[in-house]
Amino acid sequence: MVLDDHIAIGEGTKAILKAELNCHADVFTDPYLALQQLTKAPYDVYLVDFNLPDTDGLEFIEKIINIHPEAIAIIYTGYNIERYITDLLEKGVYGFVSKSDSRKQLIDTINYALEEKIIMPLSLIKQLNSNFSKTEKSTRLTEREQKILDLVKDGLPNKTIAMELSLSQRTIEKNLTSIFSKLNVETRAEAAIKWIKQIS
């Protein structure tokens, strides 16, 4: 699904997807109609503009995930979303692509998302990183928590991490709660960045 209130951009994106990925894409300009279609049949990937009529990309993605919890949603916009990055990651966004990015960047972001990994622009990583103090001391984590963080930094979701470590998804969620508390963070992305700093 491509959701963009500019039909020309939506149709252009559809043409790129067909040429590069040989896939079918439906283009919507109306979020309400897009949600109606979603209730009939889910899509593999959702490319969502951040600025939408009567709503925004964050709210729309939240609605997608309520209907389709395994949704792979990617923000595709020309709008500066840096101040919304934490909220978007918490909602489960799988990537960020600017409409000014190259065709290759768009396709790479989609392919990585399909592998349950996230490509994040360096500017956004730096912004998240700036929230952490350079003088913070390393936090002691259990061996299991360290293994979980190693997989989180690789962009793997809880379900896959649980399978990798032969644990239940609930156990992974409990460990992540403990990790967030120890690292004083609120999101997986922040935890991953902080962990990378500690092991580097």
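The values are calculated or read from the model by the stated rules, or taken from the named source; none is laboratory data. Bear in mind that the values here come from a model prediction, so they are computed numbers and not experimental data. Here the Cβ is made from the backbone with ideal geometry for all residues, glycine too, and neighbour counts use every protein chain on show. All accessible areas refer to the heavy atoms of the entire protein, side chains included, with ligands and DNA or RNA removed. Shrake-Rupley method; radii C 1.70, N 1.55, O 1.52, S 1.80 Å.
Here ASN66 fulfils each of the conditions (1) within 21 Å of ARG188 (Cα to Cα); (2) free of Cβ contacts under 8 Å to residues at least 60 places away in the same chain; (3) touching a helix residue (DSSP H, G or I) at 6+ places or on another chain (Cβ under 8 Å) apart from (3). Each residue in region 89-126 was checked for being open to solvent by 70 Å² or more (accessible area, probe 1.4 Å), within 17 Å of ASN22 (Cβ to Cβ) and polar (S, T, N, Q), and 0 pass.
Can we say VAL27 is under 21 Å from ARG188 (Cα atoms) and either touching a strand residue (DSSP E or B) at 6+ places or on another chain (Cβ under 7 Å) or among the aromatic types (Phe, Trp, Tyr) (or both)? No.
Just to be sure I understand, how many residues within region 161-177 are open to solvent by less than 30 Å² (accessible area, probe 1.4 Å) and not hydrophobic (A, V, I, L, M, F, W, C)?
At the first step, the residues of region 161-177 found to be open to solvent by less than 30 Å² (accessible area, probe 1.4 Å) are 161-162, 172, 175-176.
With not hydrophobic (A, V, I, L, M, F, W, C) added as a condition, the list becomes 175.
Here the count works out to 1.
When region 139-155 is filtered for residues that are in a loop (DSSP other than H, G, I, E, B) and either open to solvent by 30 Å² or more (accessible area, probe 1.4 Å) or modelled with pLDDT of 95 or more (or both), the ones remaining, listed by number, are THR139, ARG140, THR142, LYS153, ASP154.
Matching residues to (1) on the phi > 0 side of the Ramachandran plot; (2) part of a loop (DSSP other than H, G, I, E, B); (3) crowded, with 17+ Cβ neighbours inside 10 Å:
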{"site": "ASP5", "(1), (2), (3)": "no, yes, no"}
{"site": "ALA8", "(1), (2), (3)": "no, no, no"}
{"site": "ALA19", "(1), (2), (3)": "no, no, no"}
{"site": "HIS24", "(1), (2), (3)": "no, yes, no"}
{"site": "PRO69", "(1), (2), (3)": "no, yes, no"}
{"site": "ILE74", "(1), (2), (3)": "no, no, yes"}
{"site": "ASP87", "(1), (2), (3)": "no, no, no"}
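Of the candidates GLY78, GLY12, the single residue that is surrounded by fewer than 21 Cβ atoms within 10 Å (Cβ to Cβ) and either in contact with a strand residue (DSSP E or B) (Cβ under 8 Å, 6 or more places away or on another chain) or touching a residue at least 60 places away in the same chain (Cβ under 8 Å) (or both) is GLY78.
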